[in-house]
Amino acid sequence: GIQVEQSPPDLILQEGANSTLRCNFSDSVNNLQWFHQNPWGQLINLFYIPSGTKQNGRLSATTVATERYSLLYISSSQTTDSGVYFCAVTYNQGGKLIFGQGTELSVKP
Amino acid sequence: DVKVTQSSRYLVKRTGEKVFLECVQDMDHENMFWYRQDPGLGLRLIYFSYDVKMKEKGDIPEGYSVSREKKERFSLILESASTNQTSMYLCASSPDRGAISYEQYFGPGTRLTVT
């Protein structure tokens, strides 16, 4: 099955710093999503991005489907950005998500 | 605003009890999913359903069953709860084939402790 690898596994930043999170996947996909898991455990949708680039405020994401990777950019990080960021893919439309192991981000004041 | 709700945020049950976890979505999605999340193991699919009264086993269905009597509601049933079912349970929904987007949305999760 498809393998999804995220890097780095952990990241510590000072408030205001920028960061890039990476997601590699081993096969063609037709859905890729980025989530932020908040301290209460809820998965918050950040981006639905099977290809191309999207921006939402301080966050942006790029997926290069032909090279099988996606990047999540966080600019001017804030303490509220702390938590775990997951990349997840599907290879069939509307099917189950296959998750990476996540990147745990800690933003220090 | 899209919405997936789960019946409880926290639940404590005893070994051997029958446990029902309820999930409701208001987006008219065909597909619904139950995952569990455990430290070191990530998120794993238990069961999913692509239509009313339809169900498919996921990666770890043992010890669980599901029910989907109405399109908006998907229930996860632990027939006889065991301590190794202590976990975070997450419900999700997504549109089926033919949709513009297949984005999957998650509920807030239920932290279940079996003692």
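The values are calculated or read from the model by the stated rules, or taken from the named source; none is laboratory data. Given the structure is predicted, the values throughout are model-derived calculations rather than measurements. Neighbour counts run over all protein chains shown; Cβ positions are idealised from the backbone, glycine included. When the accessible area is computed, the model is the full protein with side chains, heavy atoms only, and any ligands, DNA or RNA have been set aside. Shrake-Rupley method; radii C 1.70, N 1.55, O 1.52, S 1.80 Å.
How many Å² of accessible area per residue for chain A, probe 1.4 Å? The partial results should precede the final answer.
Numbers: 5070 Å² over 109 residues.
For chain A, the solvent-accessible area averages 46 Å² per residue.
By residue number, which cysteines of the protein assembly as shown lack any other Cys whose Cβ falls under 4.7 Å from their Cβ?
Isolated Cys, the protein assembly as shown: none found.
Expressed as a rounded percentage, what relative contact order does chain A have, with Cα pairs under 8 Å and six or more residues apart? Display every interim value, and only then the final one.
Numbers: 279 pairs, mean separation 40.8, N = 109.
Normalised by residue count, the contact order of chain A is 37 percent.
Based on Cα positions only, what radius of gyration and what Dmax would you give for the protein assembly as shown, in angstroms?
17.5, 50
Describe numerically, in nm with one decimal, the distance between label points set 7 Å from Cα along Cα→Cβ at B:SER67 and at A:ASN45.
With each label placed 7 Å out from Cα toward Cβ, I get 2.9 nm.
Under 13 Å from a point 7 Å along the Cα-to-Cβ line of A:ASN56: which residues of segment B:72-107 have their amide N that close?
Taking a point 7 Å out along Cα→Cβ of A:ASN56, the residues of segment B:72-107 whose backbone N falls under 13 Å are B:103-106.
Comparing B:PRO61, B:PRO39, B:PRO95, which has the greatest mean-square fluctuation in the GNM of chain B with Cα pairs linked when under 10 Å apart?
B:PRO39
Loop-only trypsin sites (Lys or Arg not before Pro) in segment B:48-90, please: DSSP not H, G, I, E or B, and at most 12 other Cβ atoms within 10 Å.
Working: sites: B:LYS53, B:LYS55, B:LYS57, B:ARG68, B:LYS70, B:LYS71, B:ARG73; in loops: B:LYS53, B:LYS55, B:LYS71.
Within segment B:48-90, the qualifying trypsin sites (Lys or Arg not before Pro) (loop, at most 12 other Cβ atoms within 10 Å) are B:LYS53.
Set the Förster distance to 30 Å, then compute FRET efficiency between A:GLU104 and A:VAL64 from the Cβ-Cβ distance, nearest 0.05. Numbers along the way, then the final one.
Values: r = 24 Å, r/R0 = 0.81.
Efficiency, from the Cβ-Cβ distance: 0.75.
What is the projected area of the convex hull of the Cα atoms of chain B, averaged over all directions, in nm²?
On the way: hull surface 27.8 nm².
Result: 6.9 nm².
If you roll a 1.4 Å probe over chain A with all protein chains in place, what percent of the accessible area is carbon or sulfur? Could the numbers behind the result be given before it?
Numbers: 2380 of 5070 Å².
Carbon with sulfur: 47 percent of the solvent-accessible area.
Radius of gyration and Dmax for chain A's Cα atoms, expressed in Å?
13.2, 42
Where only protein heavy atoms count, and the probe is 1.4 Å, what is the accessible area per residue for chain B in Å²? Provide the component values of the computation, followed by the final result.
Details: 5650 Å² over 115 residues.
Heavy-atom accessible area per residue stands at 49 Å².
B:MET54 label point, 7 Å along Cα→Cβ, cut-off 18 Å on backbone N: hits in segment B:74-99?
Inside the label zone: B:74-75, B:92-99.
Pick out which of B:PHE20, B:PHE74, B:PHE48 has the largest mean-square fluctuation in a Gaussian network model of chain B, springs linking Cα atoms closer than 10 Å.
B:PHE20
For the interface of A with B, what's the total buried accessible surface in square angstrom, probe 1.4 angstrom, rounded to the nearest hundred? Could the numbers behind the result be given before it?
Working: alone 6020 and 6520 Å², together 10720 Å².
In total, chains A and B hide about 1800 Å² from solvent.
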